[in-house]
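The structure appears below as structure tokens.
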Amino acid sequence: MNAHEQYDPGPARAAQVRKEGDKWTLILVRELHHSPEKVWQALTDPSQLREWAPFVTDGSLGTIGTVNLTWVGNPKPIETKITRVEAPNLLEYGDIRWELEPLGGGTRLTLWHSIDRRFISWGAAGWHISFDVLDRLLSRNPMGRIAGAEAMKFAGWQRLVAEYAKQFATETPSSTPKASEK
């Protein structure tokens, strides 16, 4: 059995949403047993992002500027502005914000991601799985990226979506989001 076949995402963790019209901001927090510097590298280095994130980028996210993000399942790159870089504590690009806080010998990682409200529970489930993959990568036990349609194949996917939908008091979506809806 390979790592993907053995993987079972744990239960939905405490997550929040902030509502602003049709755009909601998903807020997920994960405590990692790795230094902020190590987590920062995984958030900014294109070769590491390719191993865990639901997108690839054509450049480093660690400097102010513009890169192209290509989300899994959407072949069209999206030009994205990196607007704030305060290594290793804060990173903002597009509608994503990362905050890293030292926590003992590890890091409290907080993601803020604006997502169409119809797909907020899918976004939470997808990022939940991506965080699990990130943690394994940083622990030198990589399992390979699980994102998009591949994530939806896991038995735990529907459970996670339902658990997050319950936390957010939303309905589960009935169709796949388009890139313009992310």
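Elements of the type strands (runs of 3 or more DSSP E) sitting completely within region 8-75 and holding at least 2 residues that are without any contact (Cβ under 8 Å) to a residue 60 or more places away in the chain, of a type outside the set (Asp, Glu) and in contact with a strand residue (DSSP E or B) (Cβ under 9 Å, 6 or more places away or on another chain): these cover 15-20, 55-57, 65-71. Scanning region 79-98 for residues that are surrounded by fewer than 16 Cβ atoms within 10 Å (Cβ to Cβ) and of a type outside the set (Gly, Ala, Ser) gives GLU79, LYS81, THR83, ARG84, GLU86, ASN89, LEU90, ASP95. For region 100-143, a residue qualifies if it is among the polar types (S, T, N, Q), more than 13 Å from GLN48 (Cα to Cα) and in a helix (DSSP H, G or I), and exactly one does: SER121.
Applying the set (1) of a type outside the set (Asp, Glu); (2) under 29 Å from ILE64 (Cα atoms); (3) buried (at least 18 other Cβ atoms within 10 Å of the Cβ); (4) over 14 Å from the mean Cα position of the chain (by Cα) to ILE129 leaves exactly one unmet item: (4).
Matching residues to (1) acidic (Asp, Glu); (2) touching a helix residue (DSSP H, G or I) at 6+ places or on another chain (Cβ under 7 Å); (3) under 23 Å from TYR164 (Cβ atoms):
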| residue | (1), (2), (3) |
| --- | --- |
| VAL17 | no, yes, yes |
| HIS34 | no, yes, no |
| LYS38 | no, yes, no |
| SER47 | no, no, no |
| VAL56 | no, yes, no |
| GLY65 | no, no, no |
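Scanning region 37-77 for residues that are within 15 Å of GLY148 (Cα to Cα), hydrophobic (A, V, I, L, M, F, W, C) and touching a Gly at 6+ places or on another chain (Cβ under 6 Å) yields one hit, VAL72.
Inside region 141-166, can you point out the residues that are among the charged types (D, E, K, R) and either at pLDDT 95 or above or surrounded by 15 or more Cβ atoms within 10 Å (Cβ to Cβ) (or both)?
Of region 141-166, the ones among the charged types (D, E, K, R) are 145, 150, 153, 159, 163, 166.
Hits for region 141-166 are ARG145, GLU150, ARG159, GLU163.
The values are calculated or read from the model by the stated rules, or taken from the named source; none is laboratory data. Keep in mind it's a predicted model, so treat the numbers as computed, not measured. Cβ atoms come from the backbone with ideal geometry, glycine included; neighbour counts cover every protein chain shown.
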